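Enquirer: First the structure, which I've put down as structure tokens, then a few questions once you've had a look.
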Amino acid sequence: PVDLFEDKDNTYVRAELPGVNREAIGVEFVDGQLNLTATRKTSAVGDQPEQTFSFNRSVTVSDAAIDADKITATYENGILTVTLPKREESKPRKVTIAVK
């Protein structure tokens, strides 16, 4: 499963990748598309050969709202979290208007 959520400063993409080594994870952001790839290999057991499982997901995010140079990704306990910071000009702002 892949979850997409946001707060006022960031958009987050969270993917469950149990059993995947950190080195087997790929994260790319190209033209408003966040691409996640991962590969997991299982060992040969008995008469079962080694198997490889692949994970590919693409999530469309507004390219104009994201500061692509500040994107980060963390992988802890089988969960990949990609943080896409919003550009200052796209963050919600509060404006107080005087009533006359």
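The values are calculated or read from the model by the stated rules, or taken from the named source; none is laboratory data. Since this is a predicted model, take the numbers as computed values, not measurements. Here Cβ is always computed from backbone atoms with ideal geometry, including for glycine, and neighbour counts include all displayed protein chains. Note: areas computed on protein heavy atoms with side chains; ligands, DNA, RNA excluded. Shrake-Rupley method; radii C 1.70, N 1.55, O 1.52, S 1.80 Å.
Enquirer: Quick check for the chain: number of Lys pairs with alpha-carbon distance under 30 Å, counting only pairs 8 or more apart or on different chains?
Expert: 9
Enquirer: Express the carbon and sulfur contribution to the solvent-accessible surface of the range 32-86 as a percent, rounded to the nearest whole number, probe 1.4 angstrom.
Expert: 46
Enquirer: Compute the accessible area per residue over the chain, keeping the other protein chains in place, probe 1.4 Å, unit Å².
Expert: With all protein chains present, the chain gives 73 Å² per residue.
Enquirer: Tell me which label goes with the value of Cα extents along the principal axes in Å computed from the coordinates here: [x] 82, 24, 17; [y] 36, 35, 27; [z] 66, 30, 23.
Expert: So the calculated entry is the one marked [x].
Enquirer: Taking the Cα centre as origin and putting +1 on Lys and Arg beta-carbons and -1 on Asp and Glu beta-carbons, what dipole magnitude results for the chain, to the nearest 20 debye?
Expert: 500
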